[in-house]
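Trainee: Let me give you the structure first, and then I'll get to my questions.
The values are calculated or read from the model by the stated rules, or taken from the named source; none is laboratory data. Predicted, not measured: the structure shown is a model, and the values here were computed from it. Quick reminder, even Gly has a Cβ in these numbers, built from the backbone with ideal geometry, and neighbours come from all protein chains shown. Heads up: the accessible areas ignore ligands, DNA and RNA and are worked out on the full protein's heavy atoms, side chains in. Shrake-Rupley method; radii C 1.70, N 1.55, O 1.52, S 1.80 Å.
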Amino acid sequence: MDLSKRITGLTGDGDDGWGIFIKARRMKAAGKPVLELTIGEHDDRTEQIILDKMHASASGGHTGYAMVPGTDALRETVAKRIEERTGVPTSIDNILITPGGQSALFAAHSAVCDPGDAAMYIDPYYATYPGTIRGVGAVPVPVQTRSSLDFQPQVDDLEAGLTPQVNSLMINSPNNPTGVVYSRETLENITGFAKKHDLWLISDEVYDTQIWEGEHISPRALPDMKDRTLVIGSMSKSHAMTGSRCGWICAPEGVIANLITLATHTTYGVAGFIQDAAKFALEQGVDFEEKVAAPFRRRREIAKRLMKGQNAVKLIPAGGAMYLMLDIRATGLSGEDFAEGLLDQELIAVMPGESFGAASSGHIRVAMTIPDDQFEDAFARLLKYAAEK
Ligand code: PLP
């Protein structure tokens, strides 16, 4: 008996780009002291005060089925946070709580794409994007950005990728994997393009609290965008709650009403004690979010200091997220060969740019997710390895 084409074809060519990561984990399991600069996971765990709240909520009985759209209390907290930060009127009817940002990405595409529709997204991209789009039966359409233009999307490239089947565009700023924060000009161009061609805009903002330079602008707040924008949020990166699986979609009321029906037939919501902990975590405010983000800000400075006076690798000027994107083309190696060699020779694991699409080939992504002293050592060795190529 055959499985569905939708499920067997999720990763397209069968490669989900995680080969180096899996190899590094195997080497580690075999006892090798591999330093992992691969996935977007904080080295600091979820703060004890959040866990205490989670425990108190579960012990207090919030372990049954929770409200499918999310508890009113958490939806209100998320709506208030978005309204305060963007100025766009937002109520609980604009919010669906989801099991993490990933499930929100899937739900968002379910809401706006029919089978056979085409969905645009920006290359380089978070590794799950094309599979998420295929998962709803739509056709993924990558739009390449250019290293030479700091990976800021250009209208000409968006126009060139457009076909009559396209009805949505997904963007992600601050960006994984490049760390690039889209400028106001870029976002005005993107939103102008979405309006001109009557497209839905899916804005993945899960790194909105990790801004090192510039400002985070949510495109939902730009003129005439709130009725065509679905914003993806998550507790994973902002509050080091990756394992709690708690995120949201902020969208027009009519979209949320339909997504609640989808949630009823798929996830059936998020655990109540997780939602209570998420609400508590959000109530800790901006200072708490800055504390969670601080290690990445520090490590970025360490990397910039170490890079001075060398030219084997070039840092993509990026203002956010927990990653550094390095242009390693001067070494003459592909991202894959560089990453493979670095792992074998130095026991340092990074992600090849090729894992995130054609636009970042010849680059590597470094996740700043190990303690400062280890990060400094690993980054210095990475630079030495590059210089010797
Ligand atoms: N979007 C981007 C750009 C990400 O990098 C990630 C995770 O790494 C996610 C969404 C999904 O995060 P989560 O499902 O943990 O909220």
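Trainee: Quickly run through region 268-309 and pick out the residues that are open to solvent by 60 Å² or more (accessible area, probe 1.4 Å) and outside any helix (DSSP H, G or I).
Mentor: If the condition is that a residue be open to solvent by 60 Å² or more (accessible area, probe 1.4 Å) and outside any helix (DSSP H, G or I), then Tyr268, Gln284, Lys308, Gly309 are the ones that fit.
Residue-wise test of (1) of a type outside the set (A, V, I, L, M); (2) free of Cβ contacts under 8 Å to residues at least 40 places away in the same chain; (3) in contact with a Leu (Cβ under 7 Å, 6 or more places away or on another chain); (4) closer than 30 Å to Lys384 by Cα.
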position	(1), (2), (3), (4)
Leu222	no, yes, yes, no
Phe280	yes, no, no, no
Ala293	no, no, no, yes
Val313	no, no, yes, yes
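Trainee: Being in contact with a Leu (Cβ under 9 Å, 6 or more places away or on another chain), of a type in the set (A, V, I, L, M, F, W, C), touching a residue at least 60 places away in the same chain (Cβ under 8 Å) and more than 13 Å from the ligand (Cβ to nearest atom) is true for just one of Ala104, Ala111. Which residue is that?
Mentor: Numbers: Ala104 fails: more than 13 Å from the ligand (Cβ to nearest atom).
Going through Ala104, Ala111 in turn, just one is in contact with a Leu (Cβ under 9 Å, 6 or more places away or on another chain), of a type in the set (A, V, I, L, M, F, W, C), touching a residue at least 60 places away in the same chain (Cβ under 8 Å) and more than 13 Å from the ligand (Cβ to nearest atom): Ala111.
Trainee: Which condition number in (1) open to solvent by 30 Å² or more (accessible area, probe 1.4 Å); (2) within 16 Å of the ligand (Cβ to nearest atom) is the one that Phe151 fails?
Mentor: (1)
Trainee: Another question about this same structure. What is the residue count in region 39-96 for residues that are hydroxyl-bearing (Ser, Thr, Tyr), part of a helix (DSSP H, G or I) and surrounded by fewer than 18 Cβ atoms within 10 Å (Cβ to Cβ)? Even if it seems obvious, please write down each step before you answer.
Mentor: Of all residues in region 39-96, those hydroxyl-bearing (Ser, Thr, Tyr) come to 46, 57, 59, 63, 65, 71, 77, 86, 90-91.
Filter once more, so that each one left must be part of a helix (DSSP H, G or I): 57, 59, 77, 86.
Right, trim to surrounded by fewer than 18 Cβ atoms within 10 Å (Cβ to Cβ) and you get 59.
Residues in region 39-96 being hydroxyl-bearing (Ser, Thr, Tyr), part of a helix (DSSP H, G or I) and surrounded by fewer than 18 Cβ atoms within 10 Å (Cβ to Cβ): 1 in total.
Trainee: Would you mind stating whether Thr63 is closer than 21 Å to Asn172 by Cβ and β-branched (Val, Ile, Thr)?
Mentor: Working: closer than 21 Å to Asn172 by Cβ: no; β-branched (Val, Ile, Thr): yes.
Considered against the rule, which asks whether it is closer than 21 Å to Asn172 by Cβ and β-branched (Val, Ile, Thr), Thr63 comes out as no.
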